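These notes are about the structure you will find just below.
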Amino acid sequence: MARKITFDVAGDPDTINFGIGQPSEDLLPVGLMRSAAEGFLAEASPQELNYGERQGDAAFRRALAGLLSDEYAAKVEADSLFVTAGNSQALDFVCALFTRPGDTVIVEEPSYFLAFHIFEDHGLNIVPVPLDGDGMDMDLLETVLKRTNPTLLYTIPSYQNPRGQSMSAERRRRLADLSREHDFIIAADEVYQMLWYREPPPPALGTLAERGNILSLGSFSKILAPGLRLGWIQTSQPLMERLLDSGVINSGGSFNHFTSLVVREAIEHGLQRAFLEQLREIYTRRVEVMDEALQMHFHGRARWQKPRGGYFFWLEFDDGIDTAALRAAADQYQTGFQPGQNSSSRGALKNCLRLSFAHYGEDDIREGIRRLERLFEERPA
């Protein structure tokens, strides 16, 4: 059944909607992008407005490989990178190339709710595997693998959306090994890998690309600006050859070629690194503010763990709470959130909800949590 869930966007300026998983306007770097675009265009040749190389501009991939090598603390080769138009396009592209209607995709429970829509677009059967404190439960995964033959496994290994937790290094290695043993492809959504606030997470799954059947999907949406629609896939040479053999690439060249040239300028001149450090500082403080506000207004009422990266808090309430029903009433309180059942492929987790701290400053976070408390105190029976 097709889902009718869409991502929340800013509407009423007086509403503080923690369901919006986008950066606040003050974190959209117009000045940085203007400087990068002017720098690129000042020396651009006409050929750079032509079709791009199938794999993506070589100089951009070298610059990106340098950035990733520093951030991942592991050598990333430019030849292992394939340029995309962001993670949503990349995931859709992967489904188009590697799956057929009726195939099975294994997902985490809970997971990114709009990924479900992409899988449904491709007629895939979604099989959930629960998470525990270290990520996807590998014992349960192995049980599932004994009774099903998945084509694809979708995971968000670092600062998972919506739970905010990270998969342990040991499990990342085990998952890579299982992909070879059972012949499925891992689509690792690593969009939050570089958005850590205290210490880095375990190395990206992309660094294990030679160990397993891994397509590591990365994006500039969370570390620069979502409107750029620019990302990458890191993978092994055999899977790279399958990406490059696609009809759309052979017809039109690389995805989002021009934008990659502008972002190359930002990377080469250190603008991207400086901006990423700024984001980490700001989001670190927002995490602290939201956690303090939750402790003040929801202590004893909900359970959560303070995230160490990413965008989200995941709150769990007693079983009698229906957060979807509360969300329907939230507009009256000028607040909002993502109900937990949206993040479940089975429509479960009705007693949970997701809050994003990315879209609002510190004062709005405090006020928004206060409004949420009022909603829960006065919730309909």
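Read-outs: derived from the displayed coordinates by stated rules, not from any lab. Model, not experiment: these values are computed from the prediction. A quick note on method: Cβ atoms are made from the backbone with ideal geometry, for glycine too, and the neighbour counts reach across all protein chains shown.
Between Arg147 and Asp70, the FRET efficiency from the beta-carbon distance, with R0 = 41 Å, is close to 0.45. For region 224-328, the fraction of alpha-carbon pairs lying more than 22 Å apart is 60 percent, rounded to a whole number.
Listed by chain and number, the aspartates and glutamates placed with their C-alpha closer than 17 angstrom to that of Lys306 are Asp132, Asp134, Glu199, Glu281, Glu288, Asp291, Glu292, Glu316, Glu362; residues fewer than eight positions away on the same chain are left out. With 0.36 nm allotted per residue and the present C-alpha distance subtracted, the Asp318-Asp132 stretch has 65.1 nm of extension available. How far is helix 87-98 tilted, in degrees, relative to the longest principal axis of the Cα atoms in the chain, given as a value from 0 to 90 rounded to the nearest 10? Compared with the principal axis, the helix lies near 60 degrees. Using θ = phi - 60° in the Karplus curve 6.51 cos²θ - 1.76 cosθ + 1.60, the 3J(HN,Hα) couplings for region 335-343 round to 8, x, 6, 9, x, x, 5, 5, 8 Hz; x is entered for Gly and Pro. The loop-placed trypsin sites (Lys or Arg not before Pro) in region 292-381, going by DSSP, that have at most 13 neighbouring Cβ atoms within 10 Å of their Cβ come out as Arg346. One entry in [x] 162; [y] 136; [z] 152 is volume of the Cα convex hull per residue in Å³ calculated from the shown coordinates; its label is [y]. The residues Met33, Met290, when put in order of fewest to most other Cβ atoms within 10 Å, stand as Met33, Met290. Overall, region 30-269 carries a charge dipole of about 60 debye about its Cα centre when +1 sits on the Cβ of Lys and Arg and -1 on the Cβ of Asp and Glu, all other atoms neutral. Estimated purely from DSSP H runs of n ≥ 4, each contributing -39500 (n - 2.57), the mean residue ellipticity at 222 nm for the chain is -12500 deg cm²/dmol once divided by its residues.
Taking label points 7 Å from Cα along the Cα-to-Cβ direction, Gln305 and Arg242 give a separation of 3.2 nm. To the nearest ten degrees, helix 58-72 and the longest principal axis of the Cα atoms of the chain are 40 degrees apart. Restriction of the GluC sites (Glu not before Pro) in region 38-99 to DSSP coil positions whose beta-carbon has at most 16 other beta-carbons within 10 angstrom yields Glu53, Glu77. Couplings 3J(HN,Hα) for region 104-110, derived from phi with the Karplus relation 6.51 cos²θ - 1.76 cosθ + 1.60 (θ = phi - 60°), are 9, 10, 8, 10, 6, 10, x Hz, where x marks Gly and Pro. One decimal place: the segment Arg180-His117 gains 20.0 nm when fully extended, by the rule 0.36 nm per residue minus the C-alpha distance. When you filter the chymotrypsin sites (Phe, Trp or Tyr not before Pro) in region 21-61 for DSSP loop state and at most 16 other Cβ atoms inside 10 Å of their Cβ, you are left with Tyr51. Expressed as a whole number of Å, what is the distance separating the alpha-carbon centroids of region 127-172 and region 192-239? Result: 17 Å between the Cα centres. Relative to the longest principal axis of the Cα atoms of the chain, the long axis of helix 138-147 lies at roughly 70 degrees.
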